[in-house]
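Asker: Before I ask anything, here is the structure I am working with.
What follows is calculated from the coordinates using simple rules that are stated; it is not laboratory data. Quantities reported herein were computed from a predicted structural model and do not represent experimental measurements. Positions of Cβ are backbone-derived with ideal geometry, glycine not excepted, and every protein chain shown enters the neighbour counts.
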Amino acid sequence: MRIVNTTCIFPKGYDIFKALDRLKSAGFDVADIALDYYVETNGGFVSDGWREWTMEVKKHAESIGLELYQCHGVGLPEGFYNNPNDYAYRGLEFAGMTGIKWVVMHPQEIKGRTAPEFDNEFVEKSIKWFGPLIEHAKEVGTGVAIENLPWPNCNRIAPLAAIVDGLRAEHSGAKVGICWDTGHANIFGTRPSEIKVLGDRLVTLHIHDNHGWPDDEHQIPYYGTYDWTEFIHTLREMDYKGEFVLEAHHQMIDAADDIELQNRLMREMLEVSHKILALP
Ligand SMILES: [Zn+2]
C-alpha cells in the first residue's frame, strides 16, 4: 500500500504546480488533487484553456516523478448529476487525461430524510443521479469512488454498498466503488472493522482523525480517537488493494503562514502513515 498525500493541505487557490513540488519535496511520490478547490478559485481548471492546463499539470507531475493517482471530484450544490456542461464532468475528463484512477465524489444529501426508513429512497436516487457520471467516467477512462459523508444515511454501510451494487449492475465495465473516509466514520462511531462487509467495493480511502461527534476536524492520525490498529488489521483481512490516501489538512491550513511548521507537519504525516502500515 502506497502513501498518498493531497493538494488540499494547501489553501484554496494555492498554485497547483507549487503544491505538487512541495508534496514531492516532503517525500511523497503519489498525489491526490483536490479539484473541488480549483473550482472555487479562478484558476486553470475553470478557464477556457482547461485542457491545456490539464496537460501542463500532467507534464509537470511526470517531470518531478510524482504519480497522479486520485482526485477529489467536483459535486453539484443540489439537484441531479445530469448536466454534461458541469464541472463534475470536467473533473472526470481531467482524471482521464492525467491517468488518475479514482475520482472521489459525494452523494447527494436528501435533506430531512436521512433516517433508516429512507435508505431505499437514498439508494434509488443515488443510482439514478450517479448513472450519467459513471458512464462518462467509463468513456474517459477513470473510476468513481463514492465517499461516506458526515450525515447518517451516508455513513451507514448497507445503503452505500447497495448504491455500488446497483451502479455496477447497470453500468457493466465501469469502475465504481467506495472511498471510506475514516474521520467521517469516527463522527458516527462506526468501528473500523465494520467496513469488512464492503469487500471489494472498498477501492480507496480518505485518512484523517478527529474526536468523534460532531466536528469533522481532518487531523493527522493519532491527534484524535480513531482506532488505527483495528483499521489496518481490517484492511489486511479484507486484502484491500488500494492506497493509503491522506486527507488530514486541518493543521496544515492552520499553519498556512509558517512554511517550516508546514514542512514538519508533512514529514509527520509521512512518518505516521508508515507507522500505521507497519503496526503489528
Ligand atoms: Zn473525505
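Asker: Based on the mean of other beta carbon atoms within 10 Å per residue, what is the order of 235-242, 257-264, most packed first?
Answerer: 235-242, 257-264
Asker: Still on this structure, I have one more. Taking θ as phi - 60°, what are the ³J(HN,Hα) couplings along segment 271-279 by the Karplus curve (6.51, -1.76, 1.60), each to the nearest whole Hz, with x for Gly and Pro?
Answerer: 5, 5, 5, 4, 5, 5, 5, 9, 4
Asker: Multiplying the sequence separation of Leu277 and Ala256 by 0.36 nm and subtracting their Cα-Cα distance, what value in nm do you get? If you can, show how the numbers build up before the last one.
Answerer: On the way: separation 21, 0.36 × 21 = 7.56 nm, distance 2.81 nm.
Additional length available on full extension: 4.7 nm.
Asker: Then there is this: Given a Förster radius of 25 Å and the C-beta distance between Ser47 and Glu135 as r, what FRET efficiency does 1/(1 + (r/R0)^6) yield to the nearest 0.05?
Answerer: Calculated transfer efficiency: 0.45.
Asker: Here is a further query. Which residues among segment 242-261 fall inside the zone where the amide N is under 19 Å from a point 7 Å beyond the Cα of Tyr222, along Cα→Cβ?
Answerer: 244-252, 261
Asker: For segment 23-140, what is the relative contact order in percent, using Cα pairs closer than 8 Å and at least 6 residues apart in sequence?
Answerer: RCO, segment 23-140: 26 percent.
Asker: Output ³J(HN,Hα) for segment 202-215: one whole-Hz value per residue in order, computed from phi by the Karplus curve 6.51 cos²θ - 1.76 cosθ + 1.60 with θ = phi - 60°, and x for Gly and Pro.
Answerer: Working through the residues one at a time gives 6, 10, 7, 9, 10, 9, 6, 10, 6, 9, x, 3, x, 9 Hz.
Asker: What percent of all Cα-Cα pairs in the chain falls in each 10 Å bin, counting up from 0?
Answerer: Here the calculated profile for the chain is 7, 30, 37, 22, 3, 0.
Asker: Could you go through segment 22-34 in sequence order and give the Karplus-derived ³J(HN,Hα) for each residue, using 6.51 cos²θ - 1.76 cosθ + 1.60 with θ = phi - 60°, rounded to whole Hz, and x for Gly and Pro?
Answerer: With the stated coefficients, segment 22-34 comes to 5, 4, 5, 4, 7, x, 8, 9, 9, 10, 10, 10, 7 Hz.
Asker: If you stretched the chain out fully between Thr229 and Asp29, how much longer would it get, using 0.36 nm times the residue separation minus the C-alpha to C-alpha distance?
Answerer: 69.5 nm
Asker: Measure up Lys58/Lys275; Lys18/Lys58; Lys101/Lys175; Lys24/Lys175; Lys18/Lys275 against 21 Å on the Cα-Cα distance and list the ones that go over.
Answerer: Flagged as over cut-off: Lys58/Lys275; Lys24/Lys175; Lys18/Lys275.
Asker: In percent, what relative contact order does the chain have, based on Cα pairs under 8 Å that are 6 or more apart in sequence?
Answerer: 18 percent
Asker: While we're looking at this one, here's another question. Please give the contour-minus-distance gain from Asp200 to Ala169: 0.36 nm per residue of separation, less the Cα-Cα distance, rounded to one decimal in nm.
Answerer: 9.7 nm
Asker: Take the alpha carbon atoms of segment 90-104, find their center, do the same for segment 234-280, and report the distance between the two centers in whole angstrom.
Answerer: Result: 23 Å between the Cα centres.
Asker: May I ask you to derive the FRET efficiency for Ser63 and Phe118 from their Cβ-Cβ distance with R0 = 45 Å, giving the value to the nearest 0.05?
Answerer: After rounding, the FRET efficiency stands at 0.35.
Asker: Can you tell me which lysines have their Cα less than 20 Å from the Cα of Lys111? Leave out same-chain residues fewer than eight positions away.
Answerer: Cα-Cα hits under 20 Å: Lys125, Lys128.
Asker: Under 8 Å for C-alpha pairs, at least 6 residues apart: give me the relative contact order for segment 131-235, rounded to a whole percent.
Answerer: About 25 percent, as a whole number.
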